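Since the structure comes first, as structure tokens, the remarks are kept for the end.
The values are calculated or read from the model by the stated rules, or taken from the named source; none is laboratory data. All values derive from a computational prediction rather than experimental measurement. So basically every Cβ, Gly included, is an ideal-geometry build from the backbone, and we count neighbours across all protein chains shown. Protein only, heavy atoms only, side chains kept; ligands, DNA and RNA dropped before computing areas. Shrake-Rupley method; radii C 1.70, N 1.55, O 1.52, S 1.80 Å.
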Amino acid sequence: MAGVRHSSEILMELEDGTQDLIALCKPVLPGLRIKDRESYGVLYLQCFIANEIVSYLILNRIADDENEAVEMLQKLHESGIFLQMVPGQHFQNKYLLFQLNMGHEIVRSLGRLEMCSGNEKEQTFKYVLLNTHDTCVGMSDWLEKKGGFIGGYDFQYFRVMATERKVGFRVGWFEDEVSLKAKGYFDSDEILMVDYMKSKCTIVVSLTTSKRKLYFRVQDDTRKFVLWHRILQKFARIPCAKYVLEKSGVGHVLSDKEFTLLLTHCEIVKVKMGTVISGKGLNIIGKGMIGVFATGENKTMKFFCHRPENSIIGCSVDLNKGFAWKALEDCLLLSVHPKKFKQLTSKQPRIMQKIEQLYNEAILTCLKSNPIFRELSESNRARLKLILKLRKYEKNEMIYRQGVKGASIYILLKGAVVESHYYMNTQKESLIREFSPGETFGEICILHPGSTRECSALSTADSLVLELEAEDLRAFFQYSGLNMAQLISPYLIQVVQRSNIPFLSHFTFKKLRELIKRSQLEYYDEKEVVYSKGDKADRFYLALSGSLAVEDGKNVWPSIYFGEKALALHNYRRQETVICQVSTCLLTIDRDTFKHLYGIGTAELATAEIQISERNCEIRSILYHPKGIQIFETYLDGEGGKYFITAWKEMKAFRMFATPIDLNVKRRNEIQQKAEDLLKRCFSEDRKECTIKKSLLTEIQKEVELKEAHAATFVRAELHLMDIMSRTYLEGFKRSMPFFNFLKMIKSSLLMDVREIQLKMLVCGSRSKVFSRS
């Protein structure tokens with residue numbers, strides 16, 4: 001089969017290494033059927049039959065013959081992955097019982113056991129690889145098949161078998177679990193249509209090669225029935241009208257009587273590629289792809305998004321001015337002719353009312369109340385509705401699995417969904433969260449399409465879910481001219497709040513929203529370098545998804561945020577190289593944004609800079625901190641440098657006094673007088689402490705003498721004095737006890753801020769009630 005490695009390839013690579021065992025385990029372990037079995041009056045728990053897995057490898061063409069299959073399985077037995085139930089027993093192609101060693105490191109890392117069928121007394125488990133979707137390969141169990149013309153049902157053992165075809169599969173039924181000779185089979189490309197009787201858990205398959213229908217019954221096992229039906233349905237040449245109508249969501253809102261009545265008016269209609277579809281009547285996509293196109297003034301059509309199978313198009317539920325529907329390929333529609341539809345809705349108006357309520361009111365109300373999309377205008381919400389896919393999930397049906405790559409986010413419209421995480425170290429699954437209608441899950445894929453799911457999502461009741469693909473969302477942004485960061489700002493704000501970043505703890509919601517507006521989203525591939533050691537730094541990073549490592553890629557980055565020293569230190573260079581271990585999405589904030597939000601020259605900015613840089617803080621941060629400048633001034637007084645800080649304070653005071661723009665004549669005269677007085681006090685010839693450059697002093701004197709003094713007259717001198725204090729006194733001050741106590745005070749206030757944040761998170765719930773990073 002496509003994607004399955006042949007045993008000869010695997011065995012050639014088998015030497016001494018974990019990777020070789022992993023390569024062997026991946027095609028073999030999904031074929032195990034594990035359950036409690038009795039042999040010679042003894043009950044053996046959680047085991048499988050040796051010759052059953054041998055036949056699985058041969059039938060799926062993973063092994064060419066019995067010898068090759070046994071050789072592969074013996075390797076797993078010798079490595080401790082398979083354990084014998086009877087001491088001294090070797091692996092042979094016989095009715096022997098073995099157990100899968102779930103404590104083995106490889107077995108624990110690759111996947112887990114999941115119940116695939118059975119009741120509480122007799123449960124059957126299969127091994128599921130964590131990085132793959134449910135597939136038909138490996139599906140095997142007892143089903144009942146209707147036999148001949150008698151009409152009775154007999155137990156048969158069904159298997160999915162490999163074929164020469166690159167696409168598709170073969171379903172065969174056998175007398176028992178270990179038989180290699182099929183009693184009958186059909187190929188997936190022979191499937192004409194797949195119908196079903198849900199109440200009886202019966203699947204009805206019509207084949208192109210025979211007029212006779214095949215009936216398969218799954219007793220008391222809804223999950224197995226759904227899995228088999230869903231896979232077989234994908235290969236049907238003609239869609240089942242009942243299935244299409246039900247999967248569109250209509251069956252969720254109509255009564256059985258209304259559903260049956262509507263179904264009698266439906267027919268399958270062929271539509272050729274390029275056909276523009278009328279918005280009249282009722283049309284549901286049964287097979288193929290329909291494109292939504294934005295229509296221009298000159299009747300030009302620009303592609304907007306696509307509508308997948310089981311989507312309603314046209315009708316009043318999907319009308320949107322300025323858009324048209326066109327077949328992107330040959331399609332099959334489940335259609336109700338406009339005249340029939342009009343007659344039906346006039347006699348049964350409740351049918352149309354319920355459909356409109358679901359597709360218009362329910363979806364738009366859901367978008368309006370959703371934190372991500374509630375900021376959109378009504379017209380943009382109507383456009384967004386066009387790209388949403390309404391999905392129907394049965395009870396206990398998997399929506400997505402942990403470990404697979406995702407490209408969609410979901411909004412629960414009706415029903416119930418839970419999210420869970422499987423922990424490898426304990427081999428236990430933990431419930432993370434239960435979702436209620438209107439809530440979003442899996443939304444990390446908005447930020448990073450293709451990122452790996454951290455959790456699994458399961459429908460715990462018959463549910464309607466709105467799916468939004470990242471590709472369609474990008475088309476929506478492009479068409480509407482919206483910024484993605486602005487749209488998902490509520491999510492990003494909550495991520496910032498949950499990250500416990502101390503120097504952002506005082507930001508109000510309004511300030512955080514401005515922060516998000518000014519920030520950027522950056523995407524990195526696996527093994528891509530975020531920055532290298534020695535790079536000039538000017539931004540701070542917050543990880544939204546992915547994983548990061550330092551230097552050699554072995555040391556995992558310990559925090560969700562990093563690079564913050566670049567916000568507090570000018571001319572700072574990175575002290576390490578940061579590499580992405582997997583595809584990663586980062587929110588970045590540059591130094592200018594950080595200063596703008598705190599306010600340049602404010603005590604709050606100075607405090608944040610000292611919190612970030614600590615003993616490496618710059619002179620500017622100390623001078624602009626109210627307590628810092630007091631301690632520094634006392635220190636300079638003892639070191640004979642009080643002149644510098646006194647002069648600097650006077651120049652700063654002059655700059656603040658002369659800054660206002662609306663200056664009248666009186667104010668200008670006052671500024672001029674203050675400049676002359678400041679020049680005499682700080683730069684007179686008898687001030688021996690004055691070490692200002694002669695050229696700089698000459699410029700200042702010239703401006704003052706020409707009566708042109710202004711707010712920036714002493715700025716260069718102010719910076720020059722800061723440079724002198726930094727070079728001459730700063731390092732000595734940082735080694736002093738007053739500075740040590742000052743830092744201790746800053747840290748203690750920081751700890752109080754963190755405790756306050758943690759207390760709020762504890763009271764409000766550390767995990768968002770709206771967002772989950774799956």
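Only one entry in GLU718, GLU731 is free of Cβ contacts under 8 Å to residues at least 12 places away in the same chain, part of a helix (DSSP H, G or I) and not basic (Lys, Arg), namely GLU731.
Checking the conditions here, which among ILE629, ILE600, ILE671 is over 30 Å from PHE503 (Cβ atoms) and free of Cβ contacts under 8 Å to residues at least 60 places away in the same chain? Before the answer, list the steps.
Working: ILE629 fails: over 30 Å from PHE503 (Cβ atoms); ILE600 fails: over 30 Å from PHE503 (Cβ atoms).
Just a single option satisfies the conditions, and that option is ILE671.
Filtering LEU412, LEU388, LEU376 for residues that are in contact with a Leu (Cβ under 6 Å, 6 or more places away or on another chain), touching a residue at least 40 places away in the same chain (Cβ under 8 Å) and open to solvent by less than 30 Å² (accessible area, probe 1.4 Å) leaves a single hit, LEU388. Quick one: is LEU587 at pLDDT 85 or above, part of a helix (DSSP H, G or I) and touching a helix residue (DSSP H, G or I) at 6+ places or on another chain (Cβ under 8 Å)? Judged against the criteria, LEU587 is not a match.
If you filter the stretch 288-307 down to residues that are open to solvent by 20 Å² or more (accessible area, probe 1.4 Å) and in a loop (DSSP other than H, G, I, E, B), you find that the one that is nearest to GLN348 (Cα to Cα) is MET289.
Being open to solvent by 30 Å² or more (accessible area, probe 1.4 Å) and in contact (Cβ under 8 Å) with a residue 40 or more places away in the chain is the filter; apply it to the stretch 51-67 and report the residue that is nearest to LEU97 (Cα to Cα). The selected residue is ILE58.
The single condition among (1) farther than 28 Å from GLU614 by Cβ; (2) of a type outside the set (A, V, I, L, M, F, W, C); (3) open to solvent by less than 50 Å² (accessible area, probe 1.4 Å) that GLU522 does not satisfy is (1).
For the stretch 331-368, a residue qualifies if it is of a type in the set (Ser, Thr, Tyr) and open to solvent by less than 70 Å² (accessible area, probe 1.4 Å), and the qualifying residues are SER335, THR345, TYR359. You will find that of MET85, MET102, MET72, the residue that is surrounded by fewer than 19 Cβ atoms within 10 Å (Cβ to Cβ), hydrophobic (A, V, I, L, M, F, W, C), at pLDDT 85 or above and over 23 Å from TYR423 (Cα atoms) is MET85 and no other.
Which strands (runs of 3 or more DSSP E) sit wholly inside the stretch 193-278 and have at least 2 residues that are farther than 30 Å from MET301 by Cβ? Step through it out loud before you land on a result.
Values: elements: 202-207, 214-217, 267-271.
Result: 202-207, 214-217.
Going through (1) farther than 30 Å from SER436 by Cβ; (2) touching a Lys or Arg at 6+ places or on another chain (Cβ under 9 Å); (3) part of a strand (DSSP E or B) one by one, ILE285 falls short only on (1). Evaluated against (1) of a type outside the set (A, V, I, L, M, F, W, C); (2) closer than 20 Å to GLY249 by Cα; (3) within 22 Å of the chain's Cα centre (by Cα); (4) buried (at least 19 other Cβ atoms within 10 Å of the Cβ), ARG401 falls short on exactly one condition, (2). In this structure, is LYS527 open to solvent by 50 Å² or more (accessible area, probe 1.4 Å) and touching a residue at least 40 places away in the same chain (Cβ under 8 Å)? Answer is yes for this residue.
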